[in-house]
Amino acid sequence: MEKLNFSHNLIPPDLPDGSIVDLGCGNGVNARLLAKHTKRDLICVDHRQGAIEATREKLRGFKSTFLLNDVCQLGIKNDSCALIYASRIFSHVDNKKILLQEAMRVLKNNGYLIIVDHEKCLNFFKKRKFQFSHFKSAGKMVVITLKKGF
């Protein structure tokens with residue numbers, strides 16, 4: 001995988017129409033890669049003003065929206081997004097169930113949620129018997145992919 005555990009190979013080729021969401025956009029590095037590889041509107045969400053400002057700077061020239069929101073309360077229209085990308089935030093969210101419900105609410109049917117996080121996050125999905133795919137990457141990280149309607 002490329003730097004920061006991102007790869008355009010993570011982006012499914014069969015995405016429905018719609019925006020891409022970067023949950024917990026942080027410093028904007030992944031947001032820039034998402035915008036570059038998908039060439040779609042990007043919605044960047046973080047609860048820190050500094051993260052939003054850093055991401056806005058990195059996305060000059062790309063069509064993007066910035067939301068200073070909690071990742072469990074996105075403020076995004078129902079069934080409007082093709083892909084939600086969440087890198088290294090899932091393990092930091094207290095109520096993972098609410099995060100998943102919110103992600104599925106905004107995803108279009110056949111849209112994808114991609115979580116890149118610590119390997120221990122797999123237990124959450126295994127205990128709930130979600131249908132998902134995953135693979136391990138370097139440094140005890142894992143990429144978990146869920147498809148809405150899958």
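The values are calculated or read from the model by the stated rules, or taken from the named source; none is laboratory data. A quick note: this is a predicted structure, and the numbers were derived from the prediction, not measured. Don't worry about glycine lacking a Cβ; one is built from the backbone with ideal geometry, like all the others, and counts go over all protein chains shown. The protein model used for the area step is the full one, side chains on, heavy atoms only, and it has no ligands, DNA or RNA in it. Shrake-Rupley method; radii C 1.70, N 1.55, O 1.52, S 1.80 Å.
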task: Counting helices only, and only those DSSP H runs with n ≥ 4, report the 222 nm mean residue ellipticity of the chain as the sum of -39,500 (n - 2.57) divided by its residues, in deg cm²/dmol to the nearest 500.
output: -7500 deg cm²/dmol
field: Degrees separating the helix 49-58 axis from the principal Cα axis of the chain, which is the longest one
entry: 70 degrees
field: Cα→Cβ-extended label distance, 7 Å offset, between Asn69 and Gln49, nm
entry: 2.0 nm
- prompt: What is the extension gain from Asn78 to His37, computed as 0.36 nm multiplied by their sequence separation minus the C-alpha to C-alpha distance, in nm to one decimal?
  reply: 12.3 nm
query: Given a Förster distance of 35 angstrom, what is the FRET efficiency for Phe62 paired with Lys129, based on the Cβ-Cβ distance and rounded to 0.05?
result: 0.40
Modelled label reach - Lys140, point 7 Å along Cα→Cβ, the stretch 74-103 residues with backbone N closer than 20 Å: 87-94
message: With a cap of 13 neighbouring Cβ atoms within 10 Å, and only residues DSSP puts in a loop, list the trypsin sites (Lys or Arg not before Pro) found in the stretch 40-89.
response: Arg48, Arg60, Lys63, Lys77
message: For the chain, give me the percentage of DSSP beta bridges that are antiparallel, rounded to the nearest 5 percent.
response: 40 percent
- prompt: Which peptide among 130-136, 100-106 comes first, and what is the full order, when sorted by highest mean count of other Cβ atoms within 10 Å?
  reply: 100-106, 130-136
Cα extents of the chain along the three principal axes, largest first (Å): 41, 33, 30
Net charge, Val71 excluded, C-beta distance under 15 Å - Lys, Arg +1, Asp, Glu -1: -1
Surface share of carbon and sulfur [accessible, 1.4 angstrom probe, percent] for the chain: 49 percent
